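Below is one structure, written out as structure tokens; the observations come after it.
The values are calculated or read from the model by the stated rules, or taken from the named source; none is laboratory data. As the structure is a prediction and not an experimental result, all values here were calculated from the model. Ideal geometry is used to build each Cβ from the backbone, glycine not excepted, and the neighbour counts take in all protein chains shown.
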Amino acid sequence: MQDDTALPPFAAIVVAAGKGLRAGQPLPKQFAPYRGKPVLRHSVEALLEAGADPLVIAIPEGGEAATAEALVGLEGWTTVVGGETRQQSVRNALLAIPKAERVLIHDAARPDLPRPVISRLLDALEKHPGAIPVLPVVDSLVIDESGVMAGSGEREKLKRVQTPQAFRFADIHAAHESWQGSRDAGDDAQVLRAAGGSVALVEGDARLKKLTFSEDFVSDLPPVRIGTGFDVHKLAAGEELWLGGIKIEHDKGLAGHSDADVALHAIVDALLGAIGNGDIGDHFPPSDPQWKGASSDRFLTHASELVDEAGYRTGNVDLTIICEAPKIGPHREAIRTRIAELLGVDTGVISVKATTTERLGFTGRGEGIAAQAAVTVLRK
């Protein structure tokens, strides 16, 4: 339920200038998809809905286009190019805010931003120049000396720090201007503390977890996803007949740009559909001459690799081949085995069925062969 309690006026900074290399994404993690939209968009939407004005985003050099794409349709934000360190990026953003009494500084890598945390932080600024959300340390702590336990830490005195962090604008601005640290500041609370300011601790929220590694992007994926595929090719004299990855002797074969294996094509589309990654034509366009006569084995292997990269594995495949001839029964086990080999799964999860259309339609007239497939993919 949305909290509609009015909040005092505040500005906001979202720090999104890093490279995010540890996240294992094909682009900086702040622009990578997470729960259906770019990571950056989650917190920007939350801050705008809470009333942030102005909202300044510190972005990497050359990141203007990626930011605009991630935030398309949203209004009320501006950008500045970040610096070489986090502290420099925040300082650049502070300089871009013309006037404010309070400012929240948030890391884009924490996309889930509960409004009650914002409220608690702003309330704490009534008595302190700064406030940060924290969580308790629940594990025992030890002191490590060359891989040997040399003592224990007092977890009762330690807290896990999150963002956003809230500050009276004048105090944090002055603290950043006077920062003399030889290393990058771990967060803005350290910058304020170094300038002599006090920082209140308020209750954080487990939902404010930071996306750091590749597994952080897959942990929230649905445990099971389903995809379907359908393909048709015409029968023609002088063509080879490939079905389910095996060559079948027949008086006609399937015509197409590749080997026209309708069975594998249907499975490829089903796998791509399960992970929301387009269709076979997107990945292997028939207009591309390199796929002329190509074995559909390559298409299925590629789709399986994409499933793996998306954090899933093939659960099962249910394939139906629709034709009057040839008879599929004698080749069923060979097809199951070949599909299982290509997907790296047990044959027990591969189902191959055949049916006719009672001589109705193009398949009934022997003009072509159709195939439909349903697959499940399971979160790894």
(request) Just give me the residues in region 282-301 being over 21 Å from THR314 (Cβ atoms) and within 26 Å of the chain's Cα centre (by Cα), in sequence order. (result) PRO285
(request) Give me a count of the residues in region 309-331 that are acidic (Asp, Glu) and in a helix (DSSP H, G or I). (result) 1
(message) If I filter region 337-380 down to residues being over 31 Å from the mean Cα position of the chain (by Cα) and among the charged types (D, E, K, R), which single residue comes out as surrounded by the most Cβ atoms within 10 Å (Cβ to Cβ)?
(response) ARG338
(request) Only residues that are aliphatic (A, V, I, L, M), modelled with pLDDT of 90 or more and surrounded by fewer than 23 Cβ atoms within 10 Å (Cβ to Cβ): list them for region 16-54, please. (result) ALA46, LEU48, ALA50
(message) Being surrounded by fewer than 17 Cβ atoms within 10 Å (Cβ to Cβ), assigned to a helix (DSSP H, G or I) and touching a residue at least 60 places away in the same chain (Cβ under 8 Å) is the requirement here; does ALA334 meet it?
(response) yes
(message) Can you find a residue that is surrounded by fewer than 12 Cβ atoms within 10 Å (Cβ to Cβ), in contact (Cβ under 8 Å) with a residue 60 or more places away in the chain and out of contact with any strand residue (DSSP E or B) (no Cβ under 6 Å at 6 or more places or on another chain) anywhere in region 222-244?
(response) yes
(message) Looking at (1) in contact with a helix residue (DSSP H, G or I) (Cβ under 8 Å, 6 or more places away or on another chain); (2) closer than 25 Å to ILE328 by Cα; (3) not charged (D, E, K, R), which one does ALA274 not meet, given that it meets all the others?
(response) (2)
(request) Would you point out which residue out of ASP279, ASP269 is closer than 18 Å to GLY368 by Cβ, touching a helix residue (DSSP H, G or I) at 6+ places or on another chain (Cβ under 9 Å) and charged (D, E, K, R)? (result) ASP269
(request) Go through (1) surrounded by 19 or more Cβ atoms within 10 Å (Cβ to Cβ); (2) in contact with a Ser or Thr (Cβ under 6 Å, 6 or more places away or on another chain) one by one and return the number of the condition VAL142 breaks. (result) (1)
(message) Exactly one of these conditions fails for ASP259: (1) under 12 Å from ASP297 (Cα atoms); (2) touching a residue at least 40 places away in the same chain (Cβ under 8 Å); (3) not small (Gly, Ala, Ser); (4) not in a helix (DSSP H, G or I). Give me its number.
(response) (2)
(message) Of everything in region 1-15, what is surrounded by 16 or more Cβ atoms within 10 Å (Cβ to Cβ) and either at pLDDT 95 or above or among the aromatic types (Phe, Trp, Tyr) (or both)? Give them in sequence order.
(response) PHE10, ALA11, ALA12, ILE13, VAL14, VAL15
(message) For the structure I just gave you, tell me whether ALA189 is in contact with a strand residue (DSSP E or B) (Cβ under 8 Å, 6 or more places away or on another chain), closer than 25 Å to ALA46 by Cα and crowded, with 17+ Cβ neighbours inside 10 Å.
(response) yes
(request) Report those helices (runs of 4 or more DSSP H) wholly inside region 27-134 carrying at least 3 residues which are of a type outside the set (Lys, Arg), more than 20 Å from PHE217 (Cβ to Cβ) and in contact with a Pro (Cβ under 9 Å, 6 or more places away or on another chain). (result) 115-124
(message) Condition first: within 17 Å of LEU254 (Cα to Cα) and surrounded by fewer than 21 Cβ atoms within 10 Å (Cβ to Cβ). Now tell me which residues in region 299-331 satisfy that.
(response) THR320, GLU324, ALA325, PRO326, LYS327, HIS331
(request) Kindly indicate whether any position in region 280-298 is loosely packed, with under 15 Cβ neighbours inside 10 Å and closer than 16 Å to GLY229 by Cβ. (result) yes
